[in-house]
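As structure tokens, the structure follows; a few thoughts come after it.
Where a number appears in this text, it was derived from the coordinates with a stated rule and is not lab data. Keep in mind it's a predicted model, so treat the numbers as computed, not measured. Positions of Cβ are backbone-derived with ideal geometry, glycine not excepted, and every protein chain shown enters the neighbour counts.
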Amino acid sequence: MSDIEEIRFNVYNPVVTYEHRAAYDEIMSNLQEISPICNQGKCKALEVTDDPQKQKQINDLMEQVEFFSKSLSGTTKMFFDQLYRAKENSAESISDSTAHIKIEMIERNLLERTCDVRWWALEKAFYECISLANESTAAANADKAKEAGDKPARKRGNSSALDSAVTFACRRLEDIRKSYTLYRDLVIVSLDGKVIANSNEERRSEILGLDVSQEDWFRGALNTKDGTDYYVQDVTSSSLENVDSLIYSTALRKDGNEQGEVIGAMGILFDFQGESEIILNDYLPLDEDGYVQDGYLSFFTNSEGIVISSSDENFIARGVRADIPRANSYLADGGDTKISIGIVCGKSSVIVSKRSEGFDEYRGLGWISHLVLPYSSMFQRSDSSLDSDISTQELVNSNLIPEKNKLTYQEIERKKKEIQLISINGIVLATDLGNAGKSFMPIFDQITHTGDSVRGRMESLLSEMSSDMLVQNFKALENFSKQAVDLIDRNLFERAADVRWWSTDHAFWEALQNPSEENLDQASKRLGIINASYTMYRDLVIADSGGSIVATSKAENKDRLQRINVSEHSWFRQGKQISDSVDFAVQDVCDSELENEKTSLIYCGGILENGERKGASKGVLGIFFDWENIALPILDGCLPRLANNVVEGGAAFYVNDQSMVIASTDVENFPVGSKFDGGGENVTLEPGDTASGLFTQNGRRYILGSSKTKGYREYGGLGWTAHVVRAIV
Amino acid sequence: MLYSTFKLGNTFVGVPITSILEIPRSSVFHSVRGAPPVIDGLINLRGKIITVINLGLAFGLEKVEASEESRIYIFKNDSEFKEVADSDQELKLSEDNIGLHVERIAGVISVEEKELQPIPKNMVHPYYESVVRKDDDFIIILKLSKILNLEQDSGEFHE
């Protein structure tokens with residue numbers, strides 16, 4: 001081995017376990033005994049024979065043994081160092097990806113929030129209500145100016161129109177909050193900064209009339225340039241709530257026109273604490289009682305390094321700077337990562353910090369996801385016993401063991417064999433000397449014994465390391481599969497929320513109740529606006545109660561879709577049964593003629609008479625999720641990687657509740673439409689469970705991690721499982 | 001007496017240490033066109049030309065391929081053997097130095113005379129001399145007089 005690395009993990013490093021130190025000591029003391037033995041052998045050679053050629057032969061052998069034993073001590077040091085480096089690398093890479101998962105989870109969620117607020121601001125009930133409120137304020141101000149004595153009779157009439165507009169706006173805000181359970185409240189605000197309507201009934205009496213004109217989120221909303229723009233106020237206090245708020249806002253514009261004059265603002269109060277609690281507590285190891293293990297912490301900081309959410313506020317308090325190394329608090333934009341070792345809460349810890357890259361068009365707020373774990377945990381032996389499905393030999397030969405470690409082991413093996421060979425030749429020489437040579441026997445015995453025992457020790461270290469690597473890989477793959485299933489469930493939760501809310505749109509029920517060309521065009525136009533605001537739909541359609549498609553978001557699809565009757569399609573038949581606006585239905589991934597037999601995932605909601613919350617079905621809104629384009633990037637992001645490259649033979653795929661592959665990053669080995677039956681218990685998981693194991697596909701051995709959906713919030717999931725696999729040969 | 005043991009497939013076989021001249025580190029040999037198939041070729045050991053027999057082929061088994069682990073045992077010729085051996089040993093080798101290409105060295109064992117057992121009747125093989133039991137393993141001691149002189153007998157024991 002020519003490349004000489006600095007030895008970082010020698011036996012004096014406190015992370016080296018007692019067992020390893022003992023093994024190292026034994027190997028070294030064995031090897032150190034070789035030198036005196038060889039000197040003894042050289043002296044004996046002079047005693048037992050006068051033949052100078054024989055003397056030289058013995059001398060040469062002894063020198064060779066000395067040479068190899070010295071070089072074996074060097075290799076042993078290297079081997080221990082590499083063993084610990086391998087453990088460290090693997091632990092760091094898992095922590096790094098965990099920190100990344102967490103920040104990505106939250107950013108993906110927030111991207112949805114920016115879409116939501118922009119879309120909702122176009123709602124007729126809101127801009128009409130705010131227009132009336134502004135007029136009423138203007139009239140009141142004019143009256144005040146005119147003098148108090150003159151009682152304005154016309155204001156009465158206006159005021160009752162405003163009252164009913166406020167009631168209706170509150171109702172629509174409630175509808176949104178019922179469809180999207182991620183919000184604590186939603187408010188609309190008049191131009192002068194007074195809260196006019198809100199969604200949360202319980203808090204309504206405190207909120208209505210509140211002056212928010214000095215709050216950032218309100219001012220930011222008024223300054224948005226058009227309907228595509230939004231403002232976000234980072235986690236901070238607001239007069240709207242007693243807890244810190246994360247508020248997304250945008251302007252309400254005249255007549256709901258994206259370019260129209262600003263007439264007010266809409267603010268949506270995201271349940272950041274609830275959401276981050278779910279995300280922060282995920283992926284932390286639990287003890288037997290179900291509590292997060294000591295020394296493991298997870299928290300987010302904002303761009304100023306202030307903690308905005310923490311998995312354990314007793315250790316990492318909210319609202320202050322976290323007591324972590326400075327370098328971890330300030331990271332560069334663009335997904336910068338920092339891994340440090342330092343003291344956190346009195347414990348020697350590894351601190352992994354990952355700055356947000358935002359997600360998609362959402363640039364994020366420069367938050368950082370931090371993960372703290374006990375430093376010693378990186379080097380712990382994995383306690384789970386090795387899976388019997390794999391032999392140590394197969395494992396040692398697999399690509400889970402870094403090539404470098406394998407080469408070092410082979411080097412040890414080679415040196416051991418050299419020593420063995422020298423020793424046998426020595427015995428041959430000694431035997432030729434007859435009785436005189438007998439005194440050499442113990443020397444060669446000792447040399448042979450040392451070679452064997454060193455190699456034996458190394459072999460067990462290597463197999464120990466292999467099983468640790470396997471366990472760590474299992475854990476990593478389980479994490480990835482959990483991430484894959486969580487991300488898709490969260491995404492589909494949003495789709496389920498979207499479809500429920502959109503189904504209540506007045507343009508849709510009006511068009512179905514009075515299907516004039518104008519009304520149908522208006523409905524198509526609305527669908528078009530929705531589709532333009534969201535990136536994840538291929539199309540949105542409205543089918544009337546007979547199953548004819550009467551409106552579509554894409555004008556170019558109109559002629560083709562109008563010829564198709566969907567009354568026998570599963571999504572339509574389910575959607576037709578819906579009589580409550582909080583319900584939705586879904587047609588699991590399959591090929592649909594609506595999309596030229598492309599794989600479709602269709603969510604649908606019932607369009608109810610007069611837009612009531614409960615009522616008779618007038619038709620169905622179907623939304624065609626852009627399945628591959630959403631699922632594949634998620635799966636791709638969950639592939640096992642080494643130094644940013646996907647590992648050879650790595651793949652990720654979803655299967656439905658029939659174990660049929662519905663999206664796959666490796667269509668050659670795990671084609672869409674095929675049944676996946678590898679991995680024993682991994683195919684029969686309970687909701688929310690993860691598992692790992694081994695299987696063989698197309699003659700190749702793989703390890704896999706699997707995670708079955710547990711749904712997300714009130715969205716139950718479709719019984720899918722995510723599998724993330726890695727070939728080991 | 002000491003024996004060096006090595007692997008023949010899954011079987012341990014042994015030869016007396018006294019019969020060995022040397023086991024060189026390198027096992028490079030030069031193949032010779034027209035030589036019997038059991039002969040791997042020739043090696044040059046300090047000026048001596050030595051024929052190398054492939055142990056696997058000699059037994060009609062799979063050929064021993066040259067590898068990092070494979071070794072060539074070089075045996076003494078008769079006169080070298082007589083020079084050094086204790087007089088009580090009766091071992092017939094070959095007139096020339098012969099090499100035996102083996103898959104892998106196993107180790108060195110010490111065997112008492114009384115431990116050497118005759119080969120069971122139903123297992124008799126021309127190259128087997130005796131059998132020794134060590135712990136859980138049986139070790140077959142090779143009949144070097146036969147295996148090293150096989151050019152005289154070739155055809156007799158081969159398919």
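Numbers below:
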{"quantity": "Those GluC sites (Glu not before Pro) in region A:472-572 that DSSP places in a loop and that have at most 16 other beta carbons within 10 Å", "calculated": "A:Glu568"}
{"quantity": "Binned Cα-Cα distances of region B:77-151, short to long, each 5 Å bin given as a whole percent", "calculated": "3, 12, 19, 22, 25, 14, 4, 0"}
{"quantity": "Dipole magnitude of region A:407-557 about its Cα centre (Cβ charges: Lys, Arg +1; Asp, Glu -1), debye to nearest 20", "calculated": "800 debye"}
{"quantity": "Alpha carbon convex hull of chain B, volume per residue in cubic angstrom", "calculated": "124 Å³"}
{"quantity": "From the C-alpha gyration tensor of chain A, square roots of 5λ in Å", "calculated": "70, 30, 17"}
{"quantity": "Percent RCO, i.e. relative contact order, over chain A, from Cα pairs under 8 Å lying at least 6 residues apart", "calculated": "10 percent"}
{"quantity": "A:Arg326-A:Leu685 pseudo-label distance in nm [points 7 Å out on the Cα-to-Cβ vector]", "calculated": "4.4 nm"}
{"quantity": "Two-decimal Rg/Rh across region A:275-316, once Rg and the Kirkwood Rh are taken from alpha-carbon atoms", "calculated": "1.00"}
{"quantity": "Pairwise Cα inverse-distance average, inverted: Kirkwood Rh of region A:594-643 (Å)", "calculated": "13.9 Å"}
{"quantity": "Value of relative contact order over region A:169-243, rounded to a whole percent, pairs C-alpha under 8 Å and six or more apart", "calculated": "21 percent"}
{"quantity": "Ranked list, fewest to most other Cβ atoms within 10 Å of each Cβ, for A:Thr408, A:Thr250", "calculated": "A:Thr408, A:Thr250"}
{"quantity": "Whole-number D in µm² s⁻¹ for region A:209-276, Kirkwood Cα-pair radius fed into Stokes-Einstein, 37 °C, 0.692 mPa s", "calculated": "265 µm²/s"}
{"quantity": "For B:Leu45, residues with placed amide H under 5 Å, excluding near neighbours", "calculated": "B:Ile50"}
{"quantity": "Binned Cα-Cα distance frequencies in region A:197-242 - 10 Å width, integer %", "calculated": "23, 46, 28, 2"}
{"quantity": "FRET efficiency estimate (nearest 0.05) - Cβ-Cβ, A:Ile343 to A:Glu6, R0 25 angstrom", "calculated": "0.55"}
{"quantity": "Kirkwood hydrodynamic radius over Cα pairs of region A:127-278, then Stokes diffusion coefficient at 37 °C and 0.692 mPa s, in µm²/s", "calculated": "204 µm²/s"}
{"quantity": "Footprinting exposure proxy for A:Cys345, A:Cys638 (fewest neighbouring C-beta atoms within 10 Å first)", "calculated": "A:Cys345, A:Cys638"}
{"quantity": "Calculated FRET efficiency for the pair A:Thr181/A:Thr137, C-beta based, R₀ 51 Å, to 0.05", "calculated": "0.95"}
{"quantity": "Excluding exposed DSSP-loop chymotrypsin sites (Phe, Trp or Tyr not before Pro) (at most 12 other C-beta within 10 Å), longest clean stretch of chain A", "calculated": "A:292-729"}
{"quantity": "Orientation-averaged projected area, Cα convex hull of region A:299-349 (nm²)", "calculated": "3.5 nm²"}
{"quantity": "Long-range HN-HN contacts of B:Ala106 with modeled amide H, under 5 Å", "calculated": "B:Thr5, B:Phe6, B:Lys7"}
{"quantity": "Other-chain or far-sequence residues with amide H under 5 Å of A:Gln293's (modelled H)", "calculated": "A:Leu286, A:Asp287"}
{"quantity": "Alpha-carbon Debye profile of region A:12-144, log10 I(q)/I(0) at 0.12, 0.17, 0.22 Å⁻¹", "calculated": "-0.79, -1.00, -1.20"}
{"quantity": "Sites B:Lys121 and A:Asp333, calculated FRET efficiency, Cβ-Cβ separation with R0 56 Å, nearest 0.05", "calculated": "0.05"}
{"quantity": "Principal axis dimensions, largest first and in whole angstrom, of region A:688-729 by Cα", "calculated": "42, 15, 10"}
{"quantity": "Region A:1-104: trypsin sites (Lys or Arg not before Pro) falling in loop per DSSP and having at most 16 other Cβ within 10 Å", "calculated": "A:Arg8"}
{"quantity": "Computed label-point distance, nm, for sites A:Glu648 and A:Lys56 using a 7 Å Cα→Cβ extension", "calculated": "4.8 nm"}
{"quantity": "Candidates B:Ile147, B:Ile74, B:Ile17, ranked by Gaussian network fluctuation over chain B, Cα under 10 Å, top entry", "calculated": "B:Ile17"}
{"quantity": "Projected label distance in nm at A:Asp677 and B:Ala35, using a 7 Å step from Cα toward the beta-carbon", "calculated": "5.5 nm"}
{"quantity": "J(HN,Hα) series, region A:193-205, from Karplus relation 6.51 cos²θ - 1.76 cosθ + 1.60, nearest Hz, glycine and proline x", "calculated": "x, 9, 6, 9, 8, 9, 9, 8, 4, 4, 9, 4, 5"}
{"quantity": "Cα-derived Rg to Rh of region A:253-378, Kirkwood definition", "calculated": "1.11"}
{"quantity": "Cα centre as origin, Lys/Arg/Asp/Glu Cβ charges: chain B dipole, Debye", "calculated": "260 debye"}
{"quantity": "Ranked list, fewest to most other Cβ atoms within 10 Å of each Cβ, for A:Ser131, A:Ser524, A:Ser376, B:Ser26", "calculated": "B:Ser26, A:Ser376, A:Ser131, A:Ser524"}
{"quantity": "Estimated [θ] at 222 nm from DSSP helical runs (n ≥ 4, -39500 (n - 2.57)) normalised by residues in chain A, nearest 500", "calculated": "-15000 deg cm²/dmol"}
{"quantity": "About the Cα centre, charge dipole magnitude for chain A (Lys/Arg +1, Asp/Glu -1 at Cβ), debye", "calculated": "500 debye"}
{"quantity": "Per-residue HN-Hα couplings for region A:320-326 [Karplus 6.51, -1.76, 1.60; θ = phi - 60°; Hz; x = Gly/Pro]", "calculated": "10, 5, 7, 7, 10, x, 3"}
{"quantity": "Karplus 3J(HN,Hα) series, Hz, for region B:61-75 with 6.51 cos²θ - 1.76 cosθ + 1.60 (x for Gly, Pro)", "calculated": "9, 4, 5, 7, 8, 5, 8, 4, 9, 6, 9, 10, 7, 9, 9"}
{"quantity": "Relative compactness, region A:250-299, computed as alpha-carbon Rg over 2.2 N^0.38 Å", "calculated": "2.15"}
{"quantity": "Relative pair counts by distance (%), Cα atoms of region A:577-729, 5 Å bins", "calculated": "2, 9, 15, 19, 17, 13, 10, 7, 4, 3, 2, 0, 0"}
{"quantity": "Percent RCO, i.e. relative contact order, over region B:49-133, from Cα pairs under 8 Å lying at least 6 residues apart", "calculated": "31 percent"}
{"quantity": "Dipole of the protein assembly as shown, positive end: most advanced residue of A:Gly451, A:Ala99, A:Ser516 [Cβ charges, Cα centre]", "calculated": "A:Ser516"}
{"quantity": "Hydrodynamic radius (Kirkwood) for region A:301-440, which is based on Cα pairs only, to one decimal in Å", "calculated": "20.5 Å"}
{"quantity": "Unit charges at the beta carbon, dipole of the protein assembly as shown: most positive-side option, A:Ile247, A:Ile196, A:Ser29", "calculated": "A:Ile196"}
{"quantity": "Of the GluC sites (Glu not before Pro) in region A:1-108, those whose Cβ has at most 14 other Cβ within 10 Å and which sit in DSSP loop", "calculated": "A:Glu5, A:Glu6"}
